[in-house]
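J.: Following this message is one structure expressed as structure tokens.
The values are calculated or read from the model by the stated rules, or taken from the named source; none is laboratory data. Values in this document were obtained by computation on a predicted structure and should not be read as measured data. Methodologically, a virtual Cβ is constructed for each residue, glycine included, from the backbone with ideal geometry; neighbour enumeration extends over all protein chains shown.
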Amino acid sequence: MNVSPLKENILKKIRKALSHSTPLPFPQSEGNQPLYAPLDQEPEVEFAEQFTKLQGKFIYCINLQEFAFQLSSLIKKQDWKRVFCLEDKLIASASSQLADRLVKTDLSNCDVSITGCEYLVARTGSIVMSAAQSSGRSASVYAPIHICIAYTSQIVYDIKDALQSVKEKYGNNTPSLITFATGPSRTADIEKTLVVGVHGPKEVYLFLVEE
């Protein structure tokens, strides 16, 4: 097959280029370096700061006894009558104090829902939840107030760390839904007006329990 001089010239340039390696002009852009600087404080503190910036309400508990007291006190102070929770183990230490308020049905008519989470992302102040939790897809969305209970061992630095941890936890049985909730539900800032609680909870509480 005859090759035109022009085409042969192009092929020679390609062969020459392939025979000599060329250093990357921007090596930092290849994903081989961390995108964000390491934390300069404890991850618990970083998460609390980022979470509260997003209008989340953060409560730190030094142990389960303090958690039980803080949770029951909050619910009684706010006078929430119907508290939806499917994860009994989350509130075992406080259930006796809240027995007359806890329900497992009719989520849409509840004052508040309580769920656990998969992980907390310190850098963004996000709560990571999945369909694999017994509370399912809806418990953190349909009630006007969401209370999430987490432990210090569930804090990771970044979103990629959370996704990797979920992958390691579930292996080939990856949950059908993984949700990153970052503060209360809100609309876009249109004409300098921000509306909270339109497509989800208007308030989010995070109880972080020290293990």
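J.: Evaluate the following for Ala181: is it on the phi < 0 side of the Ramachandran plot and at pLDDT 85 or above?
T.: So Ala181 passes the test.
J.: Can you tell me which condition Leu120 does not meet? The list is (1) in contact with a Leu (Cβ under 8 Å, 6 or more places away or on another chain); (2) without any contact (Cβ under 8 Å) to a residue 60 or more places away in the chain; (3) farther than 19 Å from Lys202 by Cα, and all the others hold.
T.: (2)
Rundown of residues vs (1) more than 25 Å from Lys77 (Cβ to Cβ); (2) buried (at least 22 other Cβ atoms within 10 Å of the Cβ), yes/no style:
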{"residue": "Asn109", "(1), (2)": "no, no"}
{"residue": "Val112", "(1), (2)": "no, yes"}
{"residue": "Ser126", "(1), (2)": "yes, yes"}
{"residue": "Tyr142", "(1), (2)": "no, no"}
{"residue": "Gln164", "(1), (2)": "yes, no"}
{"residue": "Asn173", "(1), (2)": "yes, no"}
{"residue": "Thr179", "(1), (2)": "yes, no"}
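J.: Something else: Hey, could you check region 57-100 for residues that are among the polar types (S, T, N, Q) and in a loop (DSSP other than H, G, I, E, B) and say which is surrounded by the fewest Cβ atoms within 10 Å (Cβ to Cβ)?
T.: Asn63
J.: Taking Ser108 as the residue in question, decide whether it is assigned to a helix (DSSP H, G or I) and modelled with pLDDT under 90.
T.: Numbers: assigned to a helix (DSSP H, G or I): yes; modelled with pLDDT under 90: yes.
Here the answer is yes, as Ser108 does meet what is asked.
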